[in-house]
Amino acid sequence: MKKASIGIFDSGLGGLTVMKQLIHHLPNESFIFFGDTAHVPYGNKSPASIKEFTTAIIKFLNSHSVKLIIVACNTASAVAIKEMQRQSQVPIVGVINPLKSYLQANPQYLRIAVIGTQNTVKSKAYDHLIENTNSEITIFSKACPLFVPIIEEGLENHQIAKITAKEYLNDLIKHNIDLLILGCTHYPIIKNTIKKIIPENITIIDSATLATDSVISYLKTNKLLNNTARQINIYVSDEPKQFQKQTEKYLGQPISNVEKIILK
Ligand code: DGL
């Protein structure tokens, strides 16, 4: 089991922010990554469609005998985590729950803003988790639906990203927040632009970092850490060439095998 790959998926590029951190911290792990590029963005699809997509992905990753599946997508974690856990033969780790231990370890944050896709914000998954962790915390949330297409187009440092970020965040920062949660795995890619327009005293935390910590501790606790050579296989549900280019740019390393696969 130790030698099995880690399964990981997202609608698109967002999952790479989680995989990049895992690659860095776990040099001997192999990964099977699935990017559901035919269906990106998940953020404004109906929960029923997202459940249909994730059912097929969980089946696909299980068929590759992975040891663990990381749902590197807040939207899927928010609307379909229970179904995925029921469907999978191997443990499923989402990107929202790891926030709990972070808040417990950092009780100083009492005015928290969460940004994410329309579905994530509407699901109130973060609100419930935060309220259950500490009822003293005041939560502000904001859907930022244009961030994902901007990132998928590679425009995260363009003027358009700055204008959009100002539009979304200006009101949010008026609430005197002390912590900003990037509740979408795409958003670490636009973090530098966000940083420039919010006050320096606001701490930014992203779900990719939180999920990485929780995966590492899961593998250690369950004695599942691999110690052999790594392999990374990437599958997408649409055009592989473009995704390969974006992956190489973001991971900063050559990626030879990006394969298109139609899931049923
Ligand atoms: N990166 C995903 C998330 O964390 C999905 C974004 C999207 O496809 O809209 O929510």
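The values are calculated or read from the model by the stated rules, or taken from the named source; none is laboratory data. On a predicted model such as this, the values are computed, not experimentally measured, just so you know. A quick note on method: Cβ atoms are made from the backbone with ideal geometry, for glycine too, and the neighbour counts reach across all protein chains shown. All accessible areas refer to the heavy atoms of the entire protein, side chains included, with ligands and DNA or RNA removed. Shrake-Rupley method; radii C 1.70, N 1.55, O 1.52, S 1.80 Å.
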C-alpha center-to-center spacing [the range 29-103, the range 243-264] in angstrom: 18
Proximal aspartates and glutamates relative to Lys2, as straight alpha-carbon distance under 17 Å, when same-chain residues fewer than 8 apart are discounted: Glu29
Within a Gaussian network of the chain (alpha carbon springs, distance under 10 Å), most fluctuating of Val90, Val71, Val18: Val90
Cα-based helix-to-principal-axis angle, 47-63 vs the chain, degrees rounded to 10: 40
Cα-centre dipole for the range 18-132 with unit charges at Cβ (Lys and Arg positive, Asp and Glu negative), debye to 20: 120
Heavy-atom accessible area per residue - the range 108-264, 1.4 Å, Å²: 52
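Of the heavy-atom accessible surface of the range 80-237 (probe 1.4 angstrom), what whole percent is carbon and sulfur? Please list the in-between numbers first.
Working: 3710 of 7740 Å².
Reported share for carbon and sulfur atoms: 48 percent.
Which order, highest average first, do 113-121, 171-179 follow once you tally other Cβ atoms within 10 Å for each residue and take the mean per peptide? Before the final figure, lay out the partial values.
Numbers: 113-121: 25.2, 171-179: 14.8.
Descending packing order for the listed peptides: 113-121, 171-179.
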Low-density loop cleavage sites - trypsin sites (Lys or Arg not before Pro) in the range 1-110, where at most 11 other Cβ are within 10 Å (DSSP): none
In order through the range 17-29: 3J(HN,Hα) via Karplus (6.51 cos²θ - 1.76 cosθ + 1.60), integer Hz, x for Gly, Pro: 5, 6, 5, 4, 5, 5, 4, 5, 7, 10, x, 9, 8
Two-site label geometry, Ile197 and Lys59: point separation in nm, points 7 Å out along Cα→Cβ: 4.2
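In the range 203-251, which trypsin sites (Lys or Arg not before Pro) fall in coil by DSSP and have 16 or fewer other Cβ atoms within 10 Å? Let's see the in-between values first.
Values: sites: Lys220, Lys223, Arg230, Lys241, Lys245, Lys249; in loops: Lys223, Arg230.
Hits after loop and neighbour filter: Lys223, Arg230.
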20 Å Cα cut-off, lysine pairs counted over the range 111-256 (separation 8 or more, or different chains): 21
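Leaving out ligands and nucleic acids, and using a 1.4 Å probe, what accessible area per residue does the range 1-96 come to in Å²?
Numbers: 3320 Å² over 96 residues.
I get 35 Å² per residue for the range 1-96.
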Whether the range 111-264 is rounded, prolate or oblate, judged on the alpha carbon gyration tensor where a/c under 1.5 counts as rounded: oblate
The range 1-136: C-alpha gyration tensor shape, a/c 1.5 cut-off, then a/b vs b/c: oblate
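I'd like the FRET efficiency for Ile261 and Tyr218, computed as 1/(1 + (r/R0)^6) with the beta carbon distance as r and R0 of 22 Å, rounded to 0.05. List each step's numbers first, then the result.
Working: r = 27 Å, r/R0 = 1.22.
Computed FRET efficiency for Ile261 and Tyr218 comes out at 0.25.
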